[in-house]
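Visitor: Pasting in a structure now, in structure tokens, and then I'll have a few things to ask.
Just so you know, all these numbers are worked out from the coordinates, no wet-lab data involved. Quick caveat, the model's predicted, so the values are computed rather than measured. Neighbour counts are summed over all protein chains in view; Cβ atoms, including those assigned to glycine, are modelled from backbone coordinates with ideal geometry.
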């Protein structure tokens, strides 16, 4: 079996760098700014104004489950004394300063390879659990001190199997940040090795198991390790540390790797006193790929559900990085004693007949009542003040009222004034130009019931919309003459078979009108209503 042996001092420097790096930041680095906020008075159904919320993620999680996965094949035989030597100090720096300790649990697993030829010897193993997660420093260091390195046959090892089993057999805590730090100087055996007879899992299956548990892998690459380490770290949101020959390079690489750990920051309401259920509104809903030591910014508001009882509420909002809480914000708000809105009452909508050219009168009213303040009629504001409503397009009257608590009510009504009354049409006899009065048409006038001379004055009136036009219609031919203004005088002549026409008159006569039969004066008002009056003259003698 070909192995690449690392000098013992190199591994010592790697572990020293881990100790140095983890020790530089206390667990107090996380937090929420601002830590408290009062949203003020909110009525049920209201949504507050937005505030900007910044969540700082610690460089190291305050709730950390950390497992070392060690290559215990023969190539690591000379490095175990150094691992055992630095283990107590590593645990202390992971725990943090006594004044601000982290909630830390540590575990230990290892691998060599499957104990079948050609992969490993009879005493080899693909995975071993030395110590499940424990908060006891002594238990962890005792397990490390009990490790020994030996065996291995071919160059690749069972890293995939060991990672998968570590993911599934360690008793990870529900909301912890879960980290596996794997150390190896060899390639990984693939499930396709030896013609597909190698008993270990595939890379994809291993990554699936790690991500299912929310585990991030820090890959400590010794010379001889391959890009398989990079792939595992990248796929789990972890980091890669390359071991070098100087402690300064190693410390810098590990610090960069720790800072590159990423996860999602989210926030949720966890409790209220007294009990309430306001809706927490965060924009965005979550911030992805936030690095350790980084920050996330949200626009935050709350919505108070309808039915929330009056009172002053204090609620806690927890922000998490992955599954781990990194800060709690306290928010407060007040729900006032209900102020019922006023009620406004307005006159009903109506359609009225016009009584004059100005329209029609409607004696309308708008009153208001408030449960807390009583009569608020004097506070009602309407956008129309007159009781006279114009003819034509409907008039919409809008009224509103606001009570002392700022609550309001509004209503409206519509008044439509129409003209459906026909105008009055007249065709009255008038004097002929000679100055002789002509008797009114009747049964005794020329014994025909007609105006013998055919002199008429055209009249029309409308009390509402007004006269739009006056025309004269030949009852036989249908010919229409006009329009003419009210008071027009005509000389009407009936001539059967002749061409109807109208010619300007002279003197007191405005027009000379010739028809085939009797004529009708038609008056149309501005609303389109019309009526007629007959203008009768005798037929010419034959």
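Visitor: Quick one: grab the alpha carbon gyration tensor of segment 63-120, order the square roots of its eigenvalues as a ≥ b ≥ c, and give me rounded if a/c is under 1.5, else prolate or oblate depending on whether a/b is larger than b/c. Write down the numbers at each step before the final one.
Guide: Working: a/c = 6.89, a/b = 2.20, b/c = 3.13.
Oblate.
Visitor: Quick one: if you stick a label point 7 Å off each Cα along the C-beta vector at residue 339 and residue 139, how many nm between them?
Guide: 6.1 nm
Visitor: If you don't mind, there's one more thing I want to ask. Would you mind calculating the gained length between residue 434 and residue 226 on full extension (0.36 nm times residue separation, minus the Cα-Cα distance), in nm to one decimal? Walk me through the numbers on the way to the answer.
Guide: On the way: separation 208, 0.36 × 208 = 74.88 nm, distance 13.13 nm.
Working it through step by step, the gained length comes to 61.8 nm.
Visitor: Whole Å is fine, so just give me how far the alpha carbon centre of segment 261-313 lies from that of segment 191-207.
Guide: 43 Å
Visitor: I would also like to ask the following. For Rg and Dmax of the Cα atoms in Å, which listed value, (i) 50.6, 150; (ii) 24.1, 70; (iii) 35.9, 113, comes from the coordinates shown?
Guide: Only one option fits the structure, namely (i).
Visitor: Once both axes come from the Cα atoms, what is the angle between helix 8-22 and the longest principal axis of the chain, in degrees from 0 to 90, rounded to 10?
Guide: Here the helix axis deviates by roughly 40 degrees.
Visitor: Quick one: Cα centre-to-centre distance for segment 375-397 and segment 58-130, in angstrom?
Guide: Each part reduced to its Cα centre gives a spacing of 85 Å.
Visitor: Assuming 0.36 nm per residue, please report the length gained on full extension of the stretch residue 197 to residue 299 beyond their Cα-Cα distance. If you can, show how the numbers build up before the last one.
Guide: Working: separation 102, 0.36 × 102 = 36.72 nm, distance 5.47 nm.
Contour length minus the Cα-Cα distance gives 31.2 nm.
Visitor: Could you work out how far apart the two model spin labels at residue 116 and residue 422 are, taking each label as a point 7 Å from the Cα in the direction of the beta carbon, and quote it in nm?
Guide: Each label point lies 7 Å from its Cα, and together they span 11.3 nm.
Visitor: Here is a further query. Please order 272, 399, 535 by the number of other Cβ within 10 Å, starting at the fewest.
Guide: Values: 272 16, 399 23, 535 27.
Fewest-to-most ranking of 272, 399, 535: 272, 399, 535.
Visitor: Give, in nm to one decimal, the length gained when the segment between residue 77 and residue 100 is fully stretched (0.36 nm per residue of separation minus the Cα-Cα distance).
Guide: Working: separation 23, 0.36 × 23 = 8.28 nm, distance 3.64 nm.
Extending this stretch completely gives an extra 4.6 nm.
Visitor: Relative to the longest principal Cα axis of the chain, at what angle does helix 247-259 sit, 0 to 90 degrees, rounded to 10?
Guide: Tilt of helix 247-259: around 30 degrees.
Visitor: Another one. Modelling each spin label as a point 7 Å along the Cα-to-Cβ direction, I'd like the residue 314/residue 275 distance in nm, to one decimal.
Guide: 1.9 nm
Visitor: In addition: What's the angle, to the nearest 10 degrees (0 to 90), between helix 203-212's Cα axis and the longest principal axis of the chain?
Guide: Taking Cα atoms only, the helix is inclined about 70 degrees.
Visitor: Considering only DSSP beta bridges with both partners in the chain, what is the antiparallel share in %, to the nearest 5? It would help to have the intermediate numbers written out before the result.
Guide: On the way: 89 of 132 bridges.
The answer is about 65 percent antiparallel.
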